[in-house]
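Have a look at the structure below before the remarks.
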Amino acid sequence: MIDFLLSGDAIMALLTLTFLEIILGIDNIVFISIAANKLPEHQRAKATNIGLLLAMVQRIVLLFFVSFLIGLKKPFYTIDTDWLYIGISGQAIILFIGGLFLIYKSTSEIREKVESPEHDENQVKGKKITSLSQAITQIVIIDFIFSIDSILTAVGMTNGLHPNHNYALVLMIIAVVISIIIMIVFANPIRKFINEHPSMQILGLAFLILIGFMLITEAAHLSETSFFDQTVGAIPKGYLYFAIAFSLFVEFLNFRIQKKKLKAK
């Protein structure tokens with residue numbers, strides 16, 4: 001276990017996944033803050049911290065559930081024709097549906113953030129909250145909605161890293177715990193940074209589209225899908241790491257250029 005967690009692939013997956021979890025958690029922090037701000041001031045910090053801790057617990061529980069489904073590798077139905085072969089398993093179904101969901105959700109989120117960025121926030125603001133228990137209930141519901149793409153992202157980043165899927169489960173749990181701790185400690189600075197640089201969140205959602213596509217190809221690969229005797233290969237995660245690192249490097253250069261322009265003014 002320790003050897004796996006200290007391996008280059010595991011460390012790279014952990015860093016990338018933690019970064020994506022934080023980026024994905026920004027909306028969660030915003031909505032939790034909106035719900036908490038409806039309470040008296042002395043209860044707001046408590047509601048926010050409880051909300052984030054419940055988010056961590058929910059995600060860990062969901063990780064165990066999804067990890068169990070991912071472990072169902074044995075095909076229960078086979079499609080075998082002259083031109084198509086698919087060995088359908090529980091693992092392949094979860095990965096395929098998860099990939100489609102990430103692509104759909106990310107594309108929808110990008111459209112909403114570009115065309116109507118205040119839409120979701122206005123919906124949360126419109127809901128009445130008069131007590132701490134109501135605020136926590138609302139936060140739990142919000143957390144669950146945001147946990148789905150978070151869990152699918154974790155699966156996409158760690159699937160196939162080790163033959164024993166329990167090792168990947170431990171890696172996912174570590175990433176979730178680290179990201180939640182960072183969000184609890186640095187919630188306001190992180191939110192301020194993202195508000196000043198909204199392109200970072202759009203970039204994070206674009207990464208989810210890549211991960212969604214990778215999940216679909218992974219599902220096809222694990223189900224040994226072949227079209228006209230052409231099998232579907234797995235996409236090496238190194239390609240994904242390179243795409244994310246290169247995009248972040250370009251964004252970093254944009255930050256530097258913008259700062260120089262502001263200083264020049």
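The values are calculated or read from the model by the stated rules, or taken from the named source; none is laboratory data. These numbers were taken from a predicted model, which means no experiment stands behind them. Note that we place each Cβ from the backbone using ideal geometry, even for glycine, and neighbour counts take in every protein chain shown.
So here's what we get for this one:
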| item | result |
| --- | --- |
| The stretch 1-54: number of residues that are closer than 24 Å to LEU248 by Cβ and β-branched (Val, Ile, Thr) | 8 |
| Close pairs (8 angstrom Cβ cut-off, 6 or more residues apart or separate chains): among the hydroxyl-bearing types (Ser, Thr, Tyr) in the stretch 88-103, assigned to a helix (DSSP H, G or I) anywhere | SER89/LEU222 |
| Residue among ILE32, ILE79, ILE86 that is surrounded by 15 or more Cβ atoms within 10 Å (Cβ to Cβ) and not in a helix (DSSP H, G or I) | ILE86 |
| Residue among ILE50, ILE94 that is among the β-branched types (Val, Ile, Thr), more than 15 Å from PHE144 (Cα to Cα) and over 15 Å from the mean Cα position of the chain (by Cα) | ILE94 |
| Complete set of residues in the stretch 1-57 that are of a type in the set (Lys, Arg) and either touching a Phe, Trp or Tyr at 6+ places or on another chain (Cβ under 7 Å) or without any contact (Cβ under 8 Å) to a residue 24 or more places away in the chain (or both) | ARG44 |
| Single residue of the stretch 204-239 satisfying the filter (among the hydrophobic types (A, V, I, L, M, F, W, C) and surrounded by fewer than 13 Cβ atoms within 10 Å (Cβ to Cβ)) that is farthest from LEU17 (Cα to Cα) | PHE228 |
| Candidates ARG59, ARG111 - the one that is surrounded by 20 or more Cβ atoms within 10 Å (Cβ to Cβ), assigned to a helix (DSSP H, G or I) and among the basic types (Lys, Arg) | ARG59 |
| Cβ-Cβ under 6 Å pairs, at least 6 apart or on other chains, the stretch 212-232 side within 17 Å of TYR77 (Cα to Cα), far side in a helix (DSSP H, G or I) and hydrophobic (A, V, I, L, M, F, W, C) | ALA219/ALA92; ALA219/LEU95; ALA219/PHE96; LEU222/ALA92; SER223/ALA92 |
| Verdict on ALA55 being over 22 Å from GLY99 (Cβ atoms), hydrophobic (A, V, I, L, M, F, W, C), more than 20 Å from the chain's Cα centre (by Cα) and modelled with pLDDT of 75 or more | no |
| Residue under evaluation TRP83, criteria (1) under 21 Å from the mean Cα position of the chain (by Cα); (2) in contact (Cβ under 8 Å) with a residue 24 or more places away in the chain, criterion not met | (1) |
